[in-house]
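Shown next, in structure tokens, is the structure this report addresses.
Every number in this text was worked out from the coordinates using simple rules, so none of it is lab data. Keep in mind the model is a prediction, meaning the values are calculated, not measured. With ideal geometry, Cβ positions are generated from the backbone for all residues, glycine too; neighbour counts draw on all protein chains shown.
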Amino acid sequence: NQGPKFWLGALTDLKKRVVEDIMSACIDVLKGFPEAVEAVFPKTRVQLCVVHQIRSSMRYVPDRDKKAVMEDMKPIYKANNEEQGYQRLLAFEEKWAKKYPLTCKSWLDNWLNLSSFFEYDEVVRKIIYTTNPIQGVHRQIRKITKTKGAF
């Protein structure tokens, strides 16, 4: 069970072992994870994975509207800066909140930790707004080590 207690313990252990501080942490949208990062490493700027936020918030949208809703989400995270992104989020909310209130609420509730990547240059943003490349590397390592008897 990877709840808030787990994350707090794991990060505390990491700090005790080797890590003094973390500048930025791109993490999945997991309950208690952002709070644990901020508790153990208070100077860290948390960035929730935008791809996972999209997937998570699309749970509330039926298939017939998924394409349109996703197209309307794109300008939010493709904005030039945080203010423009937030204005686009408000426009998204105005259009979709009556039909899909939980989708909009999810973005609004998480905005602080979804928008930190705007602090960086556009080239860096594309790298840090999602954890998917990191997960791809982990998947490749598991593929290799899974077939070995002991590693």
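For the range 50-111, what is the convex hull volume of its Cα atoms per residue in Å³?
71
List the residues whose amide H sits under 5 Å from the amide H of residue 45, counting only those 5 or more places along or on another chain, with H placed 1.01 Å from N in the peptide plane.
Excluding prolines and chain starts, which carry no amide H, the hits are 24, 25.
Starting from the Cα-Cα distance between residue 112 and residue 65, subtract it from 0.36 nm times their residue separation and give me the gain in nm to one decimal.
Numbers: separation 47, 0.36 × 47 = 16.92 nm, distance 2.64 nm.
Length gained, residue 112 through residue 65: 14.3 nm.
Picking from 60, 85, 75, whose Cα lies most toward the positive end of the charge dipole for the range 50-111 (charges on Cβ: Lys, Arg +1; Asp, Glu -1)?
Towards the positive end, the residue furthest out is 60.
What number comes out for the charge environment of residue 119, summing +1 per Lys or Arg and -1 per Asp or Glu over other residues with Cβ under 13 Å away? Mind dumping the intermediate values first?
Details: positive: 45, 125; negative: 82, 83, 121, 122.
Overall, the nearby charge balance is -2.
Need the list of aspartates and glutamates near residue 74 for cross-linking: C-alpha distance under 16 angstrom, and skip anything on the same chain fewer than eight residues off.
Residue 74 reaches 65, 82, 83, 93, 94, 122.
Quote the relative contact order of the range 74-122 in percent (integer), defining contacts as alpha-carbon pairs under 8 Å separated by 6+ residues.
Working: 28 pairs, mean separation 18.4, N = 49.
Once normalised by length, the contact order is 37 percent.
Please identify every one of the trypsin sites (Lys or Arg not before Pro) in the range 24-53 that sits in a loop by DSSP and has no more than 14 other beta carbons within 10 Å of its own beta carbon.
Details: sites: 31, 43, 45; in loops: 31, 43.
Here the sparse-neighbourhood loop sites are 31, 43.
For residue 122 and residue 90 in the same chain, what is the full-extension length gain: residue separation times 0.36 nm, less their Cα-Cα distance, in nm?
Details: separation 32, 0.36 × 32 = 11.52 nm, distance 2.22 nm.
Roughly 9.3 nm would be gained on extension.
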